[in-house]
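Data block below; observations after.
The values are calculated or read from the model by the stated rules, or taken from the named source; none is laboratory data. Just so you know, these numbers come straight off a predicted model, no measurement behind them. FYI the Cβ positions are ideal-geometry reconstructions off the backbone, even for glycines, and counts take in every protein chain you see. Protein only, heavy atoms only, side chains kept; ligands, DNA and RNA dropped before computing areas. Shrake-Rupley method; radii C 1.70, N 1.55, O 1.52, S 1.80 Å.
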Amino acid sequence: MASKFGLAGGIPERRVRQIWEAIDSRQFKNALKLSSVLLSKYPNSPYALALKALILERMGKSDEALSICLNAKELLYKNESLLMDDLTLSTLQIVFQRLDHLDLATGCYEYASGKFPNNLELMMGLFNCYVREYSFVKQQQVFCGNGGEKLLLLAEGLLKKHVASHSLHEPEALIVYISILEQQAKYGDALEILSGKLGSLLMIEVDKLRIQGRLLAKSGDYAAGANIYQKILELCPDDWECFLHYLGCLLEDDSSWSNRVNGELVHLPNFVDCTVSHLTDEVLNCRLSNASAFVQKFQVDASNCFIRGPHLAILEIQRRRHLYGKKNYDEIMEALIQYFFKFGHLACFTSDVELFLQVLCPDQKMEFLEKLMKSTTHPLTTIPTKVLGLSITVFKIQQLIGNIDKLPVVEHEAFAAQMVEMYWKNLPLSKDLDPQESMHGEELLSMTCNVLVQLYWRTRHLGYIMDAIMVLEFGLAIRQYVWQYKILLVHLYSHLGALSLAYEWYKSLDVKNILMETVSHHILPHMLQSPLWVDLSNLLKDYLRFMDDHFRESADLTFLAYRHRNYSKVIEFVQFKERLQRSNQYLVARVEASILQLKQKTDNIEEEEGILESLNCGIHFVELSNEIRSKNLTFNEDFQSRPWWTPFPEKNYLLGPFEGISYCPKENMTEEREENVRRVIERKSLLPRMIYLTIQSASVSLKENAEVNGSVSEPKISSELKFLLERYAKLLGSSLTDAIEVVMGVSTGLKSSEAFGSDMVDWLNFAVFLNAWNLNSHELSQPGGDQCVHIWHNVDALLYKYISEKTRSMESLICTPRGHLPTLVQLVTEPLAWHGLVLQSCVRSSLPSGKKKKKGGPSEHSTSLLCNTIRDSIDSSRDIVEEVAKWITDQIKRPEDEVVEIILSYLRKTGQGEGPGQVFQLLESFTSSVVDEVELGSRIPQAVKLWSPVDVARKIVTGSSTVLSEFLRICELKIKSLRALKQQMAQV
């Protein structure tokens, strides 16, 4: 935009054109060179300074960019004539926004608008700043503000005034007006406006009717609402949501409109909420019969179409009859069968009828399944794709009703083999499809995988997991674009301990943008417990970069919606941003990214202190821990894409025990998950500050001076660390006193290790921090002994006990998949690592400083006793890490061919009628007989040849070795650090 002089920020446009071209082409070094030349000619130009700041920000030099922007701001304030230059202000606004200083940009525009109140460009720029700051009151926009009823009344008044003077000319403006009235329950006023002159702004009749029907239903005029929804169904007979509203009006049930929490629609999967009707039986039956007759008319009219709504409507009417006390099982069964005959070949059939199957008892479900199986024996159609679809549906129903787990293992295996055989026989149907198109029967392999996983769960025989992997790898050899196979492999390889391989499959999903929020839950929890720190760091950085960029740039989308007068999108964008800000995964990632940085530097206390300093010594995370209790967390993960055997990141049925299910139970666990996640975030958020205070506490325990680095005094260190220990203990479900008793009891064998439960790592963290606090505070006393030394020995004993136990409990990763490895990694990289920082801090403080100290006395005796304890602790820590390193080395040294042969031996057991490998051997027989390119085309036979069981087994070995090698590297660094500490203590 040109300035008032017709120039670019007061500078001839030709002089800045090259700079912008260089910026747009990301040639920032060249742009910076050109910018420096421009500044030499215009040294006092705010615009030239703003351009240079923009370039520096893009180059990652944030501090320099901010300093230059502040100089430009001062020049603008000194020279009021330049404030007319919106180009300069907008350039500054871009830089300030990217540097998270929107308030400075807003200040510039507020000052400029105050000086030149009639300048429309400046006023628009100021409004845009308010949009980007989400300052709703200043925008006079209310939907997402906290003003409540007063703001709604203000908005209504402003709109009435605007309508009186200028009317409304946009559909979006009318929708906002109606929404404001609706939020105040002024349904009559909203209906009056909708039926008046302004209602003509809604050009699409169905949209207008939907609003009208909703307002009538909310106002309690159910009869009129039902008539409106009838009209909509006559225009759109497949509108399922409209039918539910229609039924709700008939039955005077407002469930479908009141199912909102915090202004957001709650979508429960495969569940239609309703309440038991207050109507008499006679009225109820009459209205349901009318509804049935109404939708049956559409069944006749749409007899040759693929409209499912009217047929599902009959099922829903029968379900409602059942809910209201009618024993109409035969009618429900008949409606289900008729629906199968009509739509059983569709992939959506099972999800369509799942809700209605819940009405039937187990015997009736089996009866329904038997009828379906008979119907597929002599199908009504001869179209191969439809016959295949019907057979797949029967398999799905069989899994859904949960009868597979009751079959003998042999029949269970036959069920899996049957699906694989069906997939193979129907490959010719897909020979002419493009490789990126979904193949007919593709989901059969996913279903086979789930059956094999269930067999593993029942028998704990690892061969079934290998079988499942071979099936999925076979499917990906034929078509590499099946994301369902890849997600299953991510979880299976993670379970085997081949996490690097799982991560590679995850990366092949090409997860970008919002998918990072909805899909990364498949890999992130596994990575957080792994030694693959480089990959984890990249994963967290990519995710946090996307989220932070979105928060920074989402205001631009809001502004764009304003600019195009799409006001409903303004609300949508703001609600979306707020939902992401409350994401449980976002909060976890923020905390875990900082903890990862601390883990990576625990072997060098100076570097660790540098990380802590960059994290403001953990103070910010303590504040986050304080705030999290009041936060309403959101769960944005796409759980529909997760396999049933790992329904949530915190839950994995593969780890047992077997509960006899063959599908993911449809239970709403949001509240339980939110509380668990909240507790984890609270606990993790305390760690950086506790680590900082632990280092300081250990340091002052061996120093004569009362100040540490001139910052925190000794009493403050002790009191704050005690306060955080109390909070940490509370988050573990104990008081501080009880927690200390648990730690002491388990370490001495007086209490069972089960006292730690599933939070063993967190309990050992507590023990390490407790020891550091007691070094300084001496609050814990024990008659006849030195409690500091006593507690230190207990911590050493706990670390040795649990790390040694986990190490010795694992044989080969191939023989005991996953097992205790994630816990072992956490024990070494968290409590043992924090304890190592205590050792380093103590050793650093105990080294000779050149000052002569008085000899003798109880103080020197106590110090000498503590120094001996430190030496013993260093030896103990080194010994246990060396034991872990030896186990890892033994695992890695095993000949690759030997491990590959072990994997394949699970699948090639001959002469047995049951056991794993049945499906694998079936695949081998298929691949060895591929010769007919006429039947299968040229692509499929070539793709089948790419499947190599030996290569798959070798990949598993390599994936496991990569994880172990990274863990070994971590252990070796710790061993090196502990040996160096041992040498330093020799000087004391």
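Annotations
- With each label modelled as a point 7 angstrom along the Cα→C-beta vector, the SER864-VAL410 pair spans 7.8 nm.
- The modelled label-to-label distance between TYR77 and HIS820, using points 7 Å beyond Cα along the C-beta direction, is 6.4 nm.
- Taken over the range 22-107, the convex hull of the Cα atoms encloses 82 Å³ per residue.
- Cα-based shape type of the range 302-396, given that a ≥ b ≥ c are square roots of the gyration tensor eigenvalues and the cut on a/c is 1.5: oblate
- Stretching ASP363 away from ASP872 to a fully extended chain increases their span by 176.5 nm, per 0.36 nm per residue minus the current alpha-carbon distance.
- Distant-in-sequence amide H partners of PHE648 (H built 1.01 Å from N, under 5 Å): none
- Counted by Cβ distance under 10 Å from LEU824, the other residues give a net charge of 0, where Lys and Arg count +1 and Asp and Glu count -1.
- Calculated FRET efficiency for the pair TRP644/GLU370, C-beta based, R₀ 22 Å, to 0.05: 0.40
- Amide H contacts of THR634 (H built 1.01 Å from N, in plane; Pro and chain starts excluded): SER583, ASN584 sit under 5 Å, all sequence-distant by 5 or more or on other chains.
- Solvent-accessible surface of the chain, taken per residue with a 1.4 Å probe and all protein chains present: 45 Å².
- The range 470-487 residues near the modelled GLN436 label - backbone nitrogen below 19 Å, point 7 Å along Cα→Cβ: 476-486
- With the helix formula -39500 (n - 2.57) applied to DSSP H stretches of n ≥ 4, the chain reaches a computed 222 nm mean residue ellipticity of -22500 deg cm²/dmol.
- Integer Hz, Karplus 6.51/-1.76/1.60 couplings in order for the range 51-67, x for Gly and Pro: 4, 5, 4, 4, 5, 4, 5, 5, 7, x, 9, 5, 5, 5, 4, 5, 4
- Computed from the C-beta positions of ASN403 and GLN480 and an R0 of 30 Å, the FRET efficiency is 0.30 to the nearest 0.05.
- Extended-chain gain in nm, criterion 0.36 nm per residue less alpha-carbon gap, THR748 and ALA223: 181.6 nm
- Segment GLU972-ASP254, length gained on full extension (0.36 nm per residue, minus Cα span): 252.0 nm
- Across the range 524-529, computed HN-Hα scalar couplings (Karplus, 6.51 cos²θ - 1.76 cosθ + 1.60, θ = phi - 60°) run 4, x, 5, 5, 5, 9 Hz from first to last residue, x flagging Gly and Pro.
- The chain: C-alpha gyration tensor shape, a/c 1.5 cut-off, then a/b vs b/c: oblate
- Across the range 292-298, computed HN-Hα scalar couplings (Karplus, 6.51 cos²θ - 1.76 cosθ + 1.60, θ = phi - 60°) run 4, 5, 5, 6, 5, 4, 6 Hz from first to last residue, x flagging Gly and Pro.
- Between LYS61 and ASN626, the FRET efficiency estimated from the beta carbon spacing at R0 = 30 angstrom works out to 0.30.
- Within the shell of other residues whose beta carbon sits under 12 angstrom from the beta carbon of PRO949, the net charge comes to -2, with Lys and Arg scored +1 and Asp and Glu -1.
- Net charge contributed by nearby residues that have their C-beta within less than 12 Å of TRP505 (K/R +1, D/E -1): 0
- ARG954-ARG26 pseudo-label distance in nm [points 7 Å out on the Cα-to-Cβ vector]: 3.6
- Heavy-atom accessible surface of the chain: percent carbon and sulfur, 1.4 Å: 52
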